[in-house]
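Quick notes on the structure that follows.
The values are calculated or read from the model by the stated rules, or taken from the named source; none is laboratory data. The model shown is predicted, which means the values in this text are computed figures rather than measured ones. Cβ atoms come from the backbone with ideal geometry, glycine included; neighbour counts cover every protein chain shown.
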Amino acid sequence: MTTHEVTNQPPVLVDYDVAADPALLSGLHAFGAGWAEPELHEVGRLAGSAHVAELARVVNEHPPVLHTHDRFGNRVDEVEFHPYWHELMQLAIAQGLHAAAWRTPRRTAHTARTAKLLVWGQTDAGHLCPVSMTYAAVPALRHAPDLAARFEPLLESAVYDFGLRDPETKGGLVAGMSLTEKQGGSDLRANATTAEPAGGGGFRLVGHKWFTSAPMSDLFLVLARAPGGLSCYAVPRVLPGGERNAIRLQRLKDKLGNRSNASAEVEYDGAIGWLVGEEGRGVRTIMEMVSATRLDATTASAAGMRWGAVQAVHHARHRRAFGALLADQPLMANVLADLVVESEAATLLSLRVAAATDRAAAGDATEAALRRIALPAAKYWVCKRAPVHAAEALECLGGNGYVEESQMPRLYREAPVNSIWEGSGNIAALDVLRAMVTSPESVEAVVEEVARASGEDARLDGALEALRKELVDTSDLEVRGRRLAGRIALVLQASLLLRHASPAVADAFLSSRLEREHRGAFGELPSRVDLHAVVERAEVDTGAGEHGVPVSGAQVGSRSADSRLTRTHATG
């Protein structure tokens with residue numbers, strides 16, 4: 001007798017276009033980057049493929065390994081990655097997700113890149129760390145025009161050229177940053193790493209960095225204390241001529257998530273670096289890089305939300321309980337719709353901040369002021385919402401979501417990291433307060449942006465008026481810092497949804513986030529919301545039947561030795 005027949009299980013969600021996201025496409029066109037839609041769908045089909053899903057699964061099950069010495073006892077300080085990591089890096093860089101936006105002549109290049117990141121970010125989060133830092137290194141490096149002339153074309157190259165060699169002999173470079181130290185963390189001014197002139201225009205760095213991700217990058221921006229104060233330096237892994245720089249990898253961090261990516265404790269044992277920007281103004285210089293990575297942290301959280309919402313809706317559209325599909329049952333439909341609403345609000349806010357980046361680069365002072373306050377507010381709020389969103393999406397799959405094969409535990413582990421990286425929640429909130437005090441024009445820019453939807457909905461008008469009062473009240477600012485950052489983000493999201501989302505999504509958001517104090521839980525949308533109209537915005541047609549037959553016999557979930565070990569890709 002057959003004792004094991006699989007029924008009432010959803011099909012594997014692969015071989016679909018991740019870019020078929022109505023909120024994403026609406027924002028892409030609204031913010032002037034509609035020209036990139038064909039490219040976006042190319043990225044989307046690749047991101048949704050069974051092959052890339054398998055790459056992502058395997059690199060998280062086979063994390064990087066540190067080799068400090070070779071078999072003869074020589075110091076090598078190398079990190080070994082699974083070959084699939086290198087394939088993911090190749091794909092991301094070939095799609096221009098790294099620094100290519102800086103060389104694209106289009107005025108909305110950063111908006112288009114952010115849209116691509118919202119799509120590709122639904123594959124593996126770990127390899128996006130070096131991709132993001134490579135993107136962010138360019139504006140900081142431009143504070144040293146001679147260094148930028150040497151390295152920027154290689155950072156913008158579409159070639160992934162892994163391996164420790166003289167950077168100027170490679171086809172493309174990957175960059176990182178090395179900032180925090182164990183005694184200071186986010187308090188960068190507590191850094192103790194020193195930099196002394198070494199002749200020939202270089203400096204010799206000595207010190208310990210507590211958290212340096214992607215330690216096999218070709219070039220790092222490093223903070224060190226020079227005679228003139230805390231300064232920024234470009235430090236290559238390999239010096240001109242091919243000699244390895246004195247950068248010692250002490251150990252890799254055993255992290256909660258982001259496991260496919262290596263993060264190391266690093267000793268600079270007299271490493272040679274070159275000054276970037278003015279001596280003594282290193283924090284200001286490096287903030288050019290941190291600002292760009294904050295946008296990517298926000299975007300990555302929004303990407304995770306979209307992936308979680310799609311997975312939850314897909315499961316509920318194919319799973320039956322108590323005589324009906326889960327998605328058709330009101331209580332589940334309310335939760336699913338709420339997940340979609342949160343995802344779309346995060347997507348539009350990420351794209352709007354990216355658009356402000358483009359416009360500020362073109363010389364728009366108002367957009368620069370908007371970005372100054374909207375970016376830390378968005379980073380604070382979206383990254384804070386990601387973990388609770390991931391937990392709720394996982395719960396929609398029940399016990400299936402709690403096992404590793406569903407990949408939902410990976411999403412859950414990844415979710416907190418963006419709230420920590422590039423300044424934890426308090427740092428982001430303090431940056432919002434700093435913008436309010438030192439750049440009052442940024443407050444005006446936020447009000448002006450939200451007011452674009454004035455008169456469309458009384459709930460937004462009331463929230464904007466309340467926000468105005470909060471922004472001009474300078475009493476107890478630090479105590480209210482998180483509330484202010486969150487309210488700015490929420491009101492911005494409401495305005496964006498009214499202008500660029502479906503009426504059902506906008507109504508659901510305003511009803512639950514502005515009309516009453518939001519408790520943070522999901523599944524509390526009022527009964528008047530058109531739940532099914534919202535849920536369908538995260539539906540994906542796999543072409544599979546009711547009983548869950550995979551679309552193409554994909555390899556997702558395969559654990560064969562061939563899958564893990566014998567398929568080879570370029571590793572340098």
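One residue alone among Leu525, Leu510 is under 30 Å from Gln493 (Cβ atoms), part of a helix (DSSP H, G or I), aliphatic (A, V, I, L, M) and modelled with pLDDT of 70 or more, and that residue is Leu510. State whether the residues of region 51-62 include one that is modelled with pLDDT of 95 or more, in a helix (DSSP H, G or I) and of a type in the set (S, T, N, Q). Yes, region 51-62 has at least one match. Determine whether Ser178 is within 22 Å of the chain's Cα centre (by Cα), buried (at least 21 other Cβ atoms within 10 Å of the Cβ) and modelled with pLDDT under 95. Spelling it out, Ser178 is indeed within 22 Å of the chain's Cα centre (by Cα), buried (at least 21 other Cβ atoms within 10 Å of the Cβ) and modelled with pLDDT under 95. Of all residues assigned to region 93-106, none qualifies as being farther than 19 Å from Ala302 by Cα, among the aromatic types (Phe, Trp, Tyr) and buried (at least 23 other Cβ atoms within 10 Å of the Cβ).
Residues in region 107-120 include at least one that is surrounded by fewer than 20 Cβ atoms within 10 Å (Cβ to Cβ) and assigned by TED's automatic domain parsing to the domain that holds Leu40.
As an exercise: evaluate Glu456 against (1) over 30 Å from Asp328 (Cβ atoms); (2) buried (at least 16 other Cβ atoms within 10 Å of the Cβ) and give the number of the one condition it does not meet. Status for Glu456: all satisfied but (2). When the residues of region 156-175 are filtered to those that are under 24 Å from the mean Cα position of the chain (by Cα) and of a type in the set (Ser, Thr, Tyr), the one that is surrounded by the most Cβ atoms within 10 Å (Cβ to Cβ) is Tyr160.
Would it be correct to say that Val353 is at pLDDT 95 or above, assigned to a helix (DSSP H, G or I), over 22 Å from Gly520 (Cβ atoms) and of a type outside the set (Lys, Arg)? In short, yes. Where the second residue is aromatic (Phe, Trp, Tyr) and the first is within 17 Å of Ala19 (Cβ to Cβ) and lies in region 299-326, which pairs have Cβ atoms under 6 Å and are six or more apart or on separate chains? Going by the 6 Å Cβ cut-off, there are no qualifying pairs.
Per the listing Pro197, Pro153, the residue uniquely assigned to a strand (DSSP E or B) and surrounded by fewer than 16 Cβ atoms within 10 Å (Cβ to Cβ) is Pro197.
Restricting Ser231, Ser217 to those that are closer than 30 Å to Leu55 by Cα, in the same structural domain as Asp166 (by TED's automatic domain parsing) and surrounded by 20 or more Cβ atoms within 10 Å (Cβ to Cβ) reduces the list to Ser217. Close Cβ contacts (under 7 Å, 6 or more residues apart or on different chains) running from residues in region 53-74 that are closer than 22 Å to Leu88 by Cα to residues that are in a helix (DSSP H, G or I) and at pLDDT below 95 comprise Glu54/Ser563; Val58/Ser563; Val58/Arg564; His62/Arg564. Just to be sure before I move on: is Leu256 buried (at least 17 other Cβ atoms within 10 Å of the Cβ) and either of a type in the set (A, V, I, L, M, F, W, C) or more than 27 Å from Asn74 (Cα to Cα) (or both) in the structure I sent? No; evaluated as a whole, the condition is false for this residue.
Does region 72-85 include one or more residues that are aliphatic (A, V, I, L, M) and either more than 11 Å from the chain's Cα centre (by Cα) or not assigned by TED's automatic domain parsing to the domain that holds Leu46 (or both)? The answer is yes; a qualifying residue exists. Taken over region 70-100, the criterion of being assigned to a loop (DSSP other than H, G, I, E, B) and not aliphatic (A, V, I, L, M) is satisfied by Asp70, Arg71, Phe72, Gly73, Asn74, Phe81, His82, Gln95, Gly96, His98. Taken as a whole, the structure places Asp124 among residues that are assigned to a loop (DSSP other than H, G, I, E, B), buried (at least 19 other Cβ atoms within 10 Å of the Cβ) and touching a Leu at 6+ places or on another chain (Cβ under 7 Å). What about Arg189, is it farther than 21 Å from Met216 by Cα, part of a helix (DSSP H, G or I) and either assigned by TED's automatic domain parsing to the domain that holds Asn261 or in contact (Cβ under 8 Å) with a residue 40 or more places away in the chain (or both)? Here the answer is yes, as Arg189 does meet what is asked. Output the residue which, of all residues in region 271-286 that are touching a Leu at 6+ places or on another chain (Cβ under 7 Å) and in a strand (DSSP E or B), is surrounded by the fewest Cβ atoms within 10 Å (Cβ to Cβ). Looking at residues that are touching a Leu at 6+ places or on another chain (Cβ under 7 Å) and in a strand (DSSP E or B), I get Trp274.
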